[in-house]
Amino acid sequence: MLVDGTLRSQSHPDVYGIGDAAAAHTQDGQVLRMGCGPGGLAAACAFHAITARLSGRTPKPLRVKGDALCISLGRHDGILQPTDLDGRPRGTVRTGRPVALLKNAVLRAAGWYNLRYPAIVVAGARQG
Ligand SMILES: Cc1cc2nc3c(=O)[nH]c(=O)nc-3n(C[C@H](O)[C@H](O)[C@H](O)COP(=O)(O)OP(=O)(O)OC[C@H]3O[C@@H](n4cnc5c(N)ncnc54)[C@H](O)[C@@H]3O)c2cc1C
């Protein structure tokens, strides 16, 4: 789905698109990759855009400065690679058990807390 900077459909203004189905982009035109992190940020932005428009405020566009890829290698090791939005590696690579624990926490949050309390999670999220 082609959406504008606030995740609103370019062809159907009453419709918002998030997640893998939406070509969400930042103000400088960089398209977010498909993934759970970018999808969550897009959801938060869409939520704030909808509530802003309903209350007569101007919605803020999606702001995302960076991304990261996090992979666990079993329960005792993992890799966390910060990247630019286009996937280019940047910053310091983290490895080891703390990364495996972090990935486990992300998966638990996504599989439990987010599913039970999606409105609280999205409402509390910053827009990147
Ligand atoms: C095995 C696997 C591992 C992954 N690992 C990572 C990772 O490590 N990091 C990462 O960033 N991304 C990862 N991804 C990608 C990530 O899961 C997706 O990018 C993300 O889930 C997309 O979110 P979404 O909301 O667009 O779609 P989904 O999470 O797929 O949500 C779509 C929802 O819509 C529901 N649905 C479908 N059709 C209908 C219908 N007709 N009516 C009502 N509901 C419907 C589905 O049941 C589903 O709950 C992984 C994906 C897979 C499959």
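So which residues in the range 28-65 are among the β-branched types (Val, Ile, Thr) and open to solvent by 90 Å² or more (accessible area, probe 1.4 Å)?
Just the residues of the range 28-65 that are among the β-branched types (Val, Ile, Thr), to begin with: 31, 50-51, 58, 64.
Matches in the range 28-65: THR58 only.
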Filter result (touching a Leu at 6+ places or on another chain (Cβ under 8 Å), aliphatic (A, V, I, L, M) and in contact (Cβ under 8 Å) with a residue 24 or more places away in the chain) within the range 50-70: LEU62, VAL64, ALA68
Is it the case, given these coordinates, that PRO82 is open to solvent by 40 Å² or more (accessible area, probe 1.4 Å), in contact with a strand residue (DSSP E or B) (Cβ under 8 Å, 6 or more places away or on another chain) and under 27 Å from LEU7 (Cα atoms)? no
Would you check which residues across the range 1-19 are within 16 Å of the ligand (Cβ to nearest atom) and either open to solvent by less than 90 Å² (accessible area, probe 1.4 Å) or of a type in the set (Val, Ile, Thr) (or both) and list them? VAL3, LEU7, SER9, VAL15, TYR16, GLY17, ILE18, GLY19
Taking the range 96-128 and keeping residues more than 16 Å from the ligand (Cβ to nearest atom) and modelled with pLDDT of 95 or more leaves GLY96, ARG97, PRO98
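The values are calculated or read from the model by the stated rules, or taken from the named source; none is laboratory data. Since this is a predicted model, take the numbers as computed values, not measurements. Methodologically, a virtual Cβ is constructed for each residue, glycine included, from the backbone with ideal geometry; neighbour enumeration extends over all protein chains shown. Protein only, heavy atoms only, side chains kept; ligands, DNA and RNA dropped before computing areas. Shrake-Rupley method; radii C 1.70, N 1.55, O 1.52, S 1.80 Å.
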